[in-house]
2 protein chains.
Amino acid sequence: MEPLCLQVDVAKGTLAGGSGRYEKRLSDLGGIYADRQAFEAMLAEGDPVVYAVEDLKPNTHPGDMIFGVTRMRPGKIGAEFFVTRGHIHATGNRPEIYYGESGTGLMQLESPAGESRLIEIRPRSVCYVPPFWIHRSINIGHDDLVMTFAYPADSGQDYDIIARAGGMKQRVIDNGQGGWTAIDNPTYRPRTAAEIERVWSTAA
Amino acid sequence: MEPLCLQVDVAKGTLAGGSGRYEKRLSDLGGIYADRQAFEAMLAEGDPVVYAVEDLKPNTHPGDMIFGVTRMRPGKIGAEFFVTRGHIHATGNRPEIYYGESGTGLMQLESPAGESRLIEIRPRSVCYVPPFWIHRSINIGHDDLVMTFAYPADSGQDYDIIARAGGMKQRVIDNGQGGWTAIDNPTYRPRTAAEIERVWSTAA
C-alpha cells in the first residue's frame, strides 16, 4: 500500500484525504439522554448535527490502525451535555487514543463491572482508553470539541453495550456554575457476572 | 488498566505522564550521514541532541498501542538535513502514524524493493506509514520539527535494515535555494530477492 499524507482542519473538523465520513444528528440519538421532553423539544425545532467523524480506514487487518477526527457541537439536552453514543470495542482488548485539538471535553469511561472515570480533554491532552473500557465523549464547553483519534483496525465497535445497561452509570450535567458535575443515572442496571464475563471473552 | 490523561507540550516536545524518554545525540548517529568530514567537525564542537522521543508504552501486547512525541532539532551535516536513524517494524505488517505539530519535515519512506517516497509534514499533517515501509524523519526547516506518533504495541523496530543496505536509496539535501532536493545515495545496495523475502516473512 502507498504511504499517505492527510490534512486535519481543526476548525472544520475534517480530514482531507480520508476514506469515510459519518454524522450523527439528534434524531440518531434517541434514548440516550435523560430528559426526553427536552430532547423532543429540541428535535421539534430541527435536527441538529451532534457530532461528525471523518476517518481513514486503510483496511481492517489485525495489526493495522484506523485514525480520524471528530467534531462535537456544543449543546445540552436539559442539563445534560451533548454526548456521543459511546461504545466498547467488539474485540475487547483493543485500546483507543483520543487527542484534544480544540474545545473542552470529557472522556467518560466505564468498566464492565461499573467503575466510572471522567478524564478532561483540552487541546494537546491525550486520553489513553485502555482495553475493556466503555467510552463516550462529552462536550462540556461552549465551542466545538474537536479531537483526533487512533485505534487498532480490528477493534470493531459494540455500540449497544450502553443501551443494554440502561445507559452509563453516571450522567454529566451542567452544574449551574459554568462547570460540570456527574450524577448517578437511575436507569443504570449493573451488568451481571455473566455479562461481564462475556466482555472479557471478546479478547483476540 | 486505568485510563490515562497525558499532556503534550509542543514547544518542549514533551509528553507529561509518559513512561519513557530517549534522545539521540550526533555521536549516536555515526555512519548515517554522507559527509563524514562535516560530521566529525560538528562532533568536535560538541555533541548536540539531534532528536528526542517521549512516549507511553502501556505494554507490548498484540492489539495495544504505543504513542508519543518526537522533537527533532534543525541542522545539517554538510548539505544533508538532520535525520532520524529510521527503521522498519520488526513485525513487518505494522503501520505507524505521524502527526505534524510544529515545524516542517519530511517522512522518507522506502519499500524493501527500493521504491522511494517523500511526504511533507507540516502542522496537522498526518502521515500514514503503511506496513512494510522503512521510514525516517527529516527536519527540513529552521525550527524544531515536532510530531506526535502512534503505532501498534507489538511492532518492534529493526533499526539495522538501513545500514545493511548502505543507507536509504536517496539522501535529502539543501537545494541552496531555501528548499530541499533528493539525490541518489551512491553507497546504497539494493536488497536481494532473499532479503526482500525475509522482510515479508516478518508479518504476524
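The values are calculated or read from the model by the stated rules, or taken from the named source; none is laboratory data. Please read all numbers here as calculations on a predicted model, not as lab measurements. Neighbour counts run over all protein chains shown; Cβ positions are idealised from the backbone, glycine included. These accessible areas exclude ligands, DNA and RNA; they are computed on the full protein's heavy atoms, side chains included. Shrake-Rupley method; radii C 1.70, N 1.55, O 1.52, S 1.80 Å.
Assorted remarks:
- Amide H within-cut-off set for A:S102, under 5 Å, with H built and near neighbours excluded: A:V146
- The helix-only estimate of mean residue ellipticity at 222 nm for chain B, built from DSSP H runs of length n ≥ 4 each weighted as -39500 (n - 2.57), is -2500 deg cm²/dmol after division by the residue total.
- Using a 7 Å Cα-to-Cβ projection, A:T187 label spacings across copies, nm, ascending: 6.7
- Pairwise alpha-carbon distances in the range B:134-204 exceed 18 Å for 57% of all pairs.
- Under 13 Å, Cβ to Cβ, from B:V129 - net charge with Lys/Arg +1 and Asp/Glu -1: -1
- Here is the interface size for A with B: some 3200 Å² of accessible area buried, both sides summed, with a 1.4 Å probe.
- Simple spin-label estimate for B:D174 and B:V49 gives 2.3 nm between the two label positions (7 Å along the Cα-to-Cβ direction from each Cα).
- One quarter of the convex hull surface built on the alpha carbon atoms of the protein assembly as shown amounts to 20.9 nm², the projected area averaged over directions.
- If you plug the beta carbon distance of A:R36 and B:Y159 into 1/(1 + (r/R0)^6) with R0 = 51 Å, you get a FRET efficiency near 0.30.
- Global form of the range A:7-200, assessed from the alpha-carbon gyration tensor, a/c cut-off 1.5: oblate
- Where labels lie 7 Å past Cα in the beta-carbon direction, separation of A:D28 and A:K76 in nm: 2.5 nm
- All alpha carbon pair distances within the range A:61-132 were sorted into 5 Å bins beginning at 0; the resulting P(r) in whole percents reads 3, 12, 22, 26, 19, 13, 3, 1, 0.
- Summed residue charge, Cβ within 12 Å of A:D143's Cβ, Lys/Arg positive, Asp/Glu negative: +1
- For the A-to-B rotation axis, chain A residue with nearest beta carbon and its distance in angstrom: A:A150, 2
- Cross-link partners of A:K57 among lysines, defined as those whose alpha carbon lies under 24 angstrom from its own and excluding same-chain residues fewer than eight positions apart: A:K12, A:K24, B:K57.
- Plainly put, the tip 7 Å out from Cα toward Cβ on A:D28 is 4.4 nm from that tip on each other copy, the closest given first.
- The distance separating the Cα centre of the range B:147-171 from that of the range A:75-146 comes to 33 Å.
- Distant-in-sequence amide H partners of A:D154 (H built 1.01 Å from N, under 5 Å): A:G63, A:D64
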